[in-house]
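For reference, the structure is listed below as structure tokens.
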Ligand SMILES: Cc1cc2nc3c(=O)[nH]c(=O)nc-3n(C[C@H](O)[C@H](O)[C@H](O)COP(=O)(O)OP(=O)(O)OC[C@H]3O[C@@H](n4cnc5c(N)ncnc54)[C@H](O)[C@@H]3O)c2cc1C
């Protein structure tokens, strides 16, 4: 019989930080991961520029959305790392601290548990673990863009990376590098559901044959860190979720918690693509000389994280005194084609709806052959008038950035959407057909002050004793910056307090 002080479910960004912090505090931890414990050994994981190659691979535990009506009925693939390291096995490695306004908003909504100083102190601790580095190499095209934008007095920064000497560093590495790692027992297994005794969570049940997989017992508590797409599904399979979901599922004991799986949010990016005929195309750097340069000199295009540099625009909300942020980034690729090769150089200016107002949901339903369950993902992208309006504003702001680059003769023709698309209807159609996920789903088990929220602001499950959630599902709103650094800091903070 396996047992530990704490069970942590999911060895991704937050799970590895939580396990390490708990272990450093002297607790024994059983860290259960659905994917391979040696996933980080795959060469494509370590070579930064190759991460899109990992989408749809065995290391991808992601899901496709259901058809999105505001995106021309498209189903977007939402990749998620599966294996020790979670999504840090295949993310773009950008290490960006949260914006002050988002920390203030968390504090305003959550009070004492979310004091900005406490989050920042935790941020400093995980940053010391990660030791993010400045890019070892930046493409000549993006370097030229940075120069031109700086000359125009725009705030632009080459993004810091969660790398070491140009090699991807995963969340799993952060755990391995700790002297306390011996207190963490990693286990491969897919957690089907929580084990519940009365009102107390006592452990988790893994998938086995049918429903009778082995149980791992927690002496103190179970911490869910399976991510925004998987944690709500574990709760629902455990009988905690919206009542109507259970009409179709065989779950014996049900606790009605309508908020589980709701409030799902994601960053949507609109790619504006330009010809850059004076620059070599950035094609998948997977040739022997490129790999050798990366191995021996820790430099060259293999180090490239694609979204090399960027910044924020704070845009006035028409008719109000407030503004909303749009993150933008520059990549030396044709965003819609990479990793497929292109004949000429391209630059993509990606403009992101950083504070989306659309809210989606995630639910669980029986598989069509009734052998198990499936997760249905519906982010409802662009389902609000505000997001639609902002997406058009985003195109126009992206074009202003591009105009600076064009006047410096760095880029040429706008390939997509193309200047022929200038009417509101044409641009709206472009957004519907080509906007993509930026891979930042959050919010599907959000904390809040109301009794209806899934979690208290202390990240404790309201329905039961002995269960906490510390992953991307907990955020009540999408932070404007890339979320990984903030999420790791949150896991550190709450693992320090429990
Ligand atoms: C392609 C891509 C690019 C990105 N780029 C960036 C970036 O540059 N910067 C940034 O800040 N953020 C980026 N992100 C987002 C960031 O990586 C995620 O927000 C963050 O990793 C989420 O952490 P998490 O711990 O919530 O989940 P994850 O890191 O996804 O970890 C969840 C873990 O739980 C495991 N799991 C799931 N279900 C079960 C189960 N039932 N039983 C056992 N284990 C389970 C999974 O296998 C996985 O290992 C990117 C993400 C992707 C996919």
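What is the Cα centroid distance between region 165-195 and region 461-476, reported in whole angstrom? The distance from the Cα centre of region 165-195 to that of region 461-476 comes to 20 Å. Classify region 12-110 as rounded, prolate or oblate, taking a ≥ b ≥ c as the square roots of the eigenvalues of its Cα gyration tensor: rounded when a/c is under 1.5, otherwise prolate if a/b is larger than b/c and oblate if not. Verdict is oblate for region 12-110. Working note: 222 nm ellipticity from helices only, DSSP H runs with n ≥ 4, each -39,500 (n - 2.57), summed and divided by the residues of the chain, gives -7500 deg cm²/dmol to the nearest 500. Placing pseudo-labels 7 Å out from each Cα toward the beta carbon at residue 316 and residue 343 gives an inter-label distance of 4.6 nm. Under 1.5 on a/c is rounded, so check that first for the chain, then, if it is not, pick prolate when a/b is larger than b/c and oblate when it is not; a ≥ b ≥ c are the square roots of the alpha carbon gyration tensor eigenvalues. The shape class here is prolate. Here the calculated FRET efficiency for residue 368 and residue 422, from their Cβ-Cβ distance with R0 = 60 Å, stands at 0.85, rounded to the nearest 0.05.
A Förster radius of 41 Å combined with the Cβ-Cβ distance from residue 164 to residue 247 puts the calculated FRET efficiency at roughly 0.25. Going from the fewest other Cβ atoms within 10 Å to the most, the residues 156, 302 appear in the order 156, 302.
Straightening the chain between residue 3 and residue 409 buys 139.8 nm, computed as 0.36 nm per residue apart minus the Cα-Cα spacing.
Rounding to the nearest 10 and keeping the result within 0 to 90°, find how far the Cα-based axis of helix 13-24 lies from the longest principal axis of the chain. On a 0 to 90 degree scale, this one is about 50. With a Förster radius of 41 Å applied to the beta-carbon distance between residue 115 and residue 288, the computed FRET efficiency rounds to 0.20.
In this label model, residue 336 and residue 375 are separated by 2.9 nm, measuring between points 7 Å along each Cα→Cβ vector. Rounded to the nearest 5, what % of the DSSP beta bridges within the chain are antiparallel ones? The antiparallel proportion sits near 70 percent. Output the 0 to 90 degree angle, nearest 10, between the alpha-carbon long axis of helix 100-110 and the longest principal axis computed from the alpha carbons of the chain. Result, in degrees: 30. As I understand it, the value is the acute angle between the Cα axis of helix 424-434 and the longest principal axis of the Cα atoms of the chain; what does it come to in degrees, rounded to 10? Long axis of 424-434 versus the principal axis of the chain: about 60 degrees.
Using a simple spin-label model with pseudo-atoms 7 Å out from Cα toward Cβ, residue 37 and residue 386 lie 4.6 nm apart.
Ranked by how many other Cβ atoms sit within 10 Å of their own Cβ, fewest first, the residues 216, 187 fall in the order 187, 216.
No lab work stands behind these numbers, since they all come straight from the coordinates. It should be emphasised that the depicted structure is a prediction, and the values quoted were computed from it without experimental measurement. Positions of Cβ are backbone-derived with ideal geometry, glycine not excepted, and every protein chain shown enters the neighbour counts.
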